[in-house]
Amino acid sequence: MSLPSTTPSDSHVSQVPPPRVEEVADRIFAYVQPDGGWCLNNAGILAGPHSVALVDTAATEARARALRAAALERGGAEPRTVLNTHHHGDHTFGNAVAAPHATVIAHTHTRAEMAEKGEGLKHVWPDTPWGDLGDLGRSLPMVTFEDRLTVYVDELAVELMYVGPAHSSNDVVVWVPEHRVLFAGDVLMPGCTPFLLAGSIVGSLEAIARLRALAPRTVVGGHGPVAGPEALDEAEGYLRWLQKVATEGIDAGLTPFEAARDTPLGAYAELRDPERLVANLHRAYSEALGNPLDTQIRSAPVMGEMASLNGGSALACLA
């Protein structure tokens, strides 16, 4: 089964707001790409006077170049470090464009997943203007770690913590303890429906508990607007609700698609990309039935179900 794709109309693309840069603490910036939908990820700029680090990059050449320009404008030097939160192409494809001379740091599994998946995301949305990202092998992490790692941007200590599996198998958060700023990657996506097809509901709840213990003041999710600690509550509430819907669906003999189709979204109706519910239920069913957390679920059929739940419309990537 081929993956559903879309060619957004010019008028639709023109309605996507430009990225915005928000200073969330002294010389720490959130690079927010509205409206946070498919492939419209956030990044971070840690801009010391003598060194600059990026948290993730972007999906396309144009967007990676825009991030690079924003970093050069706010930092005192060329970005020399990229901290990738996980392997997905919207966060990593632009590594070599946004920071061509940087050392890329990520979890061990992130490098392995990037090498295995390659340009797979381009096949999901072949009509996206990816541009010239060069050899994506140049974007692979050069330094990897297993559990925790501290890096420095001048005198600023930045802690990388592995918290997966959650959104994916290899989620890392970037924590700046001095300012209590958390770059959460796609473990948290304020205002957006979580996407857990290749991750774990149980693992996400465990990750949220660990992040709550940090007591962050500012949360920069992998997608969506900058938020505060309420982002943890919102994500946990959705995940608990998801587990309940899965249990009720299994008891009623419904498939994940049928349960998604028949379940009112209630408080979660306004989240971006609500069609992800069916993908999340596939993962929730798997876990509720006692399968290992790393059980593989074929993505192509589920992407088709998401498109069906979206009224038959293809999933729009406006990157």
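The values are calculated or read from the model by the stated rules, or taken from the named source; none is laboratory data. Keep in mind the model is a prediction, meaning the values are calculated, not measured. FYI the Cβ positions are ideal-geometry reconstructions off the backbone, even for glycines, and counts take in every protein chain you see. For accessibility, only protein heavy atoms count, side chains too; no ligands or nucleic acids. Shrake-Rupley method; radii C 1.70, N 1.55, O 1.52, S 1.80 Å.
Brief remarks follow.
- Dipole of the range 34-159 computed with +1 at Lys/Arg Cβ and -1 at Asp/Glu Cβ about the Cα centre; of N42, A98, T85, farthest Cα towards the positive end is A98.
- Entry note, the range 17-153: relative contact order of 20 percent, from Cα contacts under 8 Å with a spacing of 6+ residues.
- Three principal axis lengths of the range 35-110 [C-alpha, angstrom, descending]: 33, 29, 17
- Neighbourhood charge, 13 Å Cβ-Cβ cut-off, centred on R148 and excluding it, Lys, Arg +1 and Asp, Glu -1: -2
- E155, E22, reordered so the largest accessible area comes first (probe 1.4 Å): E155, E22
- Top positive-direction residue, dipole computed over the range 64-198 with Cβ charges, set Y152, G76, G185: G76
- Within the accessible area of the chain (1.4 Å probe), percent carbon and sulfur: 52 percent
- Computed magnitude of the charge dipole of the chain (debye, nearest 20; Cβ of K, R +1, Cβ of D, E -1): 260 debye
- Size descriptor for the chain, Kirkwood hydrodynamic radius: 19.5 Å (Cα pairs only, one decimal).
- Distances between placed amide hydrogens fall under 5 Å for V153 paired with V158, all partners being 5 or more residues away or on another chain.
- Sparse-neighbourhood loop sites, trypsin sites (Lys or Arg not before Pro) in the range 259-319 - DSSP loop, at most 12 other Cβ within 10 angstrom: R298
- Computed [θ] at 222 nm, helices only, for the chain once each DSSP H run of length n ≥ 4 contributes -39500 (n - 2.57): -10000 deg cm²/dmol
- Based on protein heavy atoms only, the range 92-207 ends up with 37 Å² per residue of surface accessible to a 1.4 Å probe.
- Charge dipole of the chain about the Cα centre (unit charges at C-beta), most positive-ward option of T263, L205, L121: L121
- Computed with a 1.4 Å probe over protein heavy atoms only, the accessible area of S313 comes to about 60 Å².
- For the residues R68, R111, R212, a GNM of the chain with alpha-carbon springs under 10 Å puts the largest fluctuation on R212.
- When both the range 285-319 and the range 14-59 are represented by their alpha-carbon centers, they are found 28 Å apart.
- Note on D251 and A300: the model spin-label points, each 7 Å out from Cα along the C-beta direction, lie 3.7 nm apart.
- Bridges between two residues of the chain, per DSSP, are antiparallel at a rate of about 65%.
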